[in-house]
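First the structure, in the form of structure tokens, and then the observations on it.
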Protein chains: 2
Amino acid sequence: VSTDSTGGWSELVRGVLAGEPRPLARLITRVENRAPGWQDALRALYPHTGKARILGITGAPGVGKSSLTNQLALRLVARGYRIGIIAVDPSSPFSGGALLGDRLRMSDVPTTPETFIRSMATRGSLGGLCQGARDVARVLDAAGYGLILIETVGVGQDEIEIVKAADVVVVVCVPGQGDGVQALKAGIMEIADLYVVNKADRDGAEQVVADIGAMLALAGENRAFHEMVYRTNSLSGDGVDALIDSLLGRVASVELSPARADERARDEILLLIEREVARRVRARLSDDARLAAAVKAVVTRQSDPYSAAESLLADLSGAEAGPDE
Amino acid sequence: VSTDSTGGWSELVRGVLAGEPRPLARLITRVENRAPGWQDALRALYPHTGKARILGITGAPGVGKSSLTNQLALRLVARGYRIGIIAVDPSSPFSGGALLGDRLRMSDVPTTPETFIRSMATRGSLGGLCQGARDVARVLDAAGYGLILIETVGVGQDEIEIVKAADVVVVVCVPGQGDGVQALKAGIMEIADLYVVNKADRDGAEQVVADIGAMLALAGENRAFHEMVYRTNSLSGDGVDALIDSLLGRVASVELSPARADERARDEILLLIEREVARRVRARLSDDARLAAAVKAVVTRQSDPYSAAESLLADLSGAEAGPDE
């Protein structure tokens, strides 16, 4: 771990391992911002990770994921768990900030030693959204949070990648949103372990349950339907305890296969390398007169983007993986 | 352009420039699959591009984007335009195929010389979704389609990046989906040129219109409210012609500023380089015993992903930008 001369990482790491919320929040922010020394901090925490289980909670906007996450967190804390919540919020590409909405709705969940909440904006994480959520989950794991809920909006590829990394994935649907099937079509069926029909008191809820059943049958799903589809009302809390019983049962039975563990580690290493190489290429080119010349040539149609990229890449050849820039 | 020995690209390019639909479909598929010679084909087409205008149409799932796109396409064809449609469909990360849904719903729009429809699966495009949509739009532009409608589900960062590249961006909302504000919170407000409240005959439609107005006022929007917010019914077609009048007006007045044109070209060149460098790194490492050893070390916690990535990158140093593989 770095010494204080590199910004006090070692103290933060100590605080995280001691379970203190303030160093935890500061360390996560600095890791997300890729402050110098971030790898050292994660390295120091890594031996303390691997104990937490991760629940992915996803669904289209407006299905009540945040209030369901609240309900789950409150009840899991009551059952003695320490809960980390990572709310991934697609946010403004320009302002870079997550809108206030989620944080307001999240305010039911008290920030106590038993719960820690972090909103991640899509653009907040310099290391990429998927790696960013992975880093934050790892820090929470090291800090002793045994269950980590990652809530995402399920429609983007990034968000699907994030929940794919969870141990158990819950897909939340709701009656009256499009044609039901559409709410599920974002490629999340293959990664869903459990379905929740939220706002189950509304008209059309049983139709959504039936639609999910039809899709499961079509997909040749062998598990019992009643073990896969749950009805909840995230405002009243109806049905949430039955969902929790099922989730905890699945979490307890999760055993990562060696092949899957290898695949995850491999994915992460390659992604970290890709990001770093891309960062170096961008840094190297940002002030390069050749890039400026190529842009001019493309805009005036003397060249095209494909040729410009190819010739810049040939110019860079053998250079961009160097240790400096 | 490549000769027939590299797979018949030159014939396809000739067919595309002659406005033939079959070579167009084949060329697009091969460009999406990054078949050898794809850059040559795009290079040959590039001088014939730059005439088309691109409309981005986005919104949450279930708001009726596809049927609205259908309505727009049918009516624009009736007004004498040749219309290309690119439907970007978040799809299964495992099967890689866009679900049948959109294609079925798209079937109202006849495939004629006046319209060309392409569904793009999130995972279908090896060059990345954003670059993929850009490539397809460029091919359609070269083929003489004057207006290109790109329809995306607006919640992922990828999808936001795609519509950002459009000349005019339409955000579609609908009553009764979450709290209205939520449907808009995906960072698309800053890039929206026009808002459509679809299913405007439903209860709550005027509330959505009012919510949008409030958000526009909050954002200090200067344009007249009635020029920015349109009510439609994409099933009956009510309101669609007024929307088209406004869209065509905006498209005609679009003039890309030199700074914005530079920025776009720069973004695209850098993205193409990043993708290619990442592809080379992955190709180089895929059979590398050092990667396999690093994966084992991470899984057994003798190392961690951050250290593993760093040392592999140091090993690769100066190698991955080489001209081969």
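The values are calculated or read from the model by the stated rules, or taken from the named source; none is laboratory data. None of the values given here were measured: they were computed from a predicted structure. Counting neighbours? That spans all protein chains shown, and the Cβs are built from the backbone with ideal geometry, glycine included. In case anyone asks, the SASA skips ligands and DNA or RNA and just uses the protein heavy atoms, side chains included. Shrake-Rupley method; radii C 1.70, N 1.55, O 1.52, S 1.80 Å.
Take the conditions closer than 15 Å to A:GLY146 by Cα and touching a strand residue (DSSP E or B) at 6+ places or on another chain (Cβ under 6 Å) and apply them to A:ALA73. Does it pass?
Yes: the conditions hold for A:ALA73.
Can you spot a residue in segment B:271-278 that is assigned to a helix (DSSP H, G or I), open to solvent by 60 Å² or more (accessible area, probe 1.4 Å) and among the charged types (D, E, K, R)?
Yes, segment B:271-278 contains a residue that is assigned to a helix (DSSP H, G or I), open to solvent by 60 Å² or more (accessible area, probe 1.4 Å) and among the charged types (D, E, K, R).
Identify the single condition in (1) crowded, with 19+ Cβ neighbours inside 10 Å; (2) in a helix (DSSP H, G or I) that A:SER303 does not satisfy, given that it satisfies every other one.
Tallying (1) crowded, with 19+ Cβ neighbours inside 10 Å; (2) in a helix (DSSP H, G or I), A:SER303 fails exactly one: (2).
Being part of a helix (DSSP H, G or I) and at pLDDT below 85 narrows it down to one of B:ALA283, B:ALA252, so name that one.
B:ALA252
Of all strands (runs of 3 or more DSSP E) completely enclosed by segment B:47-122, which ones contain at least 1 residues that are surrounded by fewer than 21 Cβ atoms within 10 Å (Cβ to Cβ) and at pLDDT 90 or above?
By residue number, B:53-59.
Determine the pairs where a residue that is in contact (Cβ under 8 Å) with a residue 40 or more places away in the chain and at the interface with chain B (Cβ under 8 Å from one of its Cβ atoms), located within segment A:270-296, has a partner that is buried (at least 21 other Cβ atoms within 10 Å of the Cβ) and small (Gly, Ala, Ser) with Cβ atoms under 7 Å apart, the partner being 6 or more residues away or on another chain.
Pairs that qualify, where the first residue is in contact (Cβ under 8 Å) with a residue 40 or more places away in the chain and at the interface with chain B (Cβ under 8 Å from one of its Cβ atoms) and the partner is buried (at least 21 other Cβ atoms within 10 Å of the Cβ) and small (Gly, Ala, Ser), are A:LEU272/B:ALA309; A:VAL277/A:ALA321.
When the residues of segment B:53-82 are narrowed to those that are within 24 Å of B:GLY19 (Cβ to Cβ) and within 15 Å of the chain's Cα centre (by Cα), which ends up farthest from the other protein chains (Cβ to nearest Cβ)?
Looking at residues that are within 24 Å of B:GLY19 (Cβ to Cβ) and within 15 Å of the chain's Cα centre (by Cα), I get B:LEU55.
Just to be sure I understand the filter: pairs with C-beta atoms under 8 Å, separated by 6 or more residues or on different chains, first member in segment B:301-325 and modelled with pLDDT of 50 or more, second member in a loop (DSSP other than H, G, I, E, B) and buried (at least 21 other Cβ atoms within 10 Å of the Cβ). Which pairs pass?
Going by the 8 Å Cβ cut-off, the qualifying pairs are B:LEU313/A:ALA321; B:LEU316/A:ALA321; B:SER317/A:ALA321; B:GLY318/A:ALA321; B:ALA319/A:ALA321.
Counting just the residues of segment B:193-207 that are under 11 Å from B:VAL172 (Cα atoms) and within 12 Å of chain A (Cβ to nearest Cβ), which one comes out surrounded by the fewest Cβ atoms within 10 Å (Cβ to Cβ)?
B:LYS199
Determine which single condition A:ALA41 fails, assuming it passes every other condition in (1) within 14 Å of chain B (Cβ to nearest Cβ); (2) modelled with pLDDT of 90 or more; (3) part of a loop (DSSP other than H, G, I, E, B).
All conditions pass for A:ALA41, except number (3).
Pairs only if they're at least six apart or on different chains, beta carbon under 7 angstrom, first in segment B:221-238 and touching a residue at least 12 places away in the same chain (Cβ under 8 Å), second open to solvent by 90 Å² or more (accessible area, probe 1.4 Å); list them, first residue then second.
B:THR232/B:ASP238; B:ASN233/B:ASP201
Restricting to segment A:31-45, give me the number of residues that are open to solvent by 10 Å² or more (accessible area, probe 1.4 Å) and within 18 Å of A:GLU276 (Cβ to Cβ).
10
Has segment A:226-241 got any residue that is surrounded by fewer than 19 Cβ atoms within 10 Å (Cβ to Cβ) and among the aromatic types (Phe, Trp, Tyr)?
no
Looking at A:VAL254, A:VAL209 in this structure, which one is more than 21 Å from B:THR300 (Cα to Cα) and either among the β-branched types (Val, Ile, Thr) or touching a Cys at 6+ places or on another chain (Cβ under 6 Å) (or both)?
A:VAL209
So, in segment A:180-229, exactly how many residues are at pLDDT below 80 and among the basic types (Lys, Arg)?
2
Within segment A:10-20, is even one residue modelled with pLDDT under 90, open to solvent by less than 20 Å² (accessible area, probe 1.4 Å) and of a type outside the set (A, V, I, L, M)?
Within segment A:10-20, none of the residues are modelled with pLDDT under 90, open to solvent by less than 20 Å² (accessible area, probe 1.4 Å) and of a type outside the set (A, V, I, L, M).
Report whether or not B:ASP315 is within 27 Å of the chain's Cα centre (by Cα) and open to solvent by 40 Å² or more (accessible area, probe 1.4 Å).
No.
Take the conditions assigned to a helix (DSSP H, G or I) and under 30 Å from B:ARG202 (Cβ atoms) and apply them to B:SER246. Does it pass?
yes
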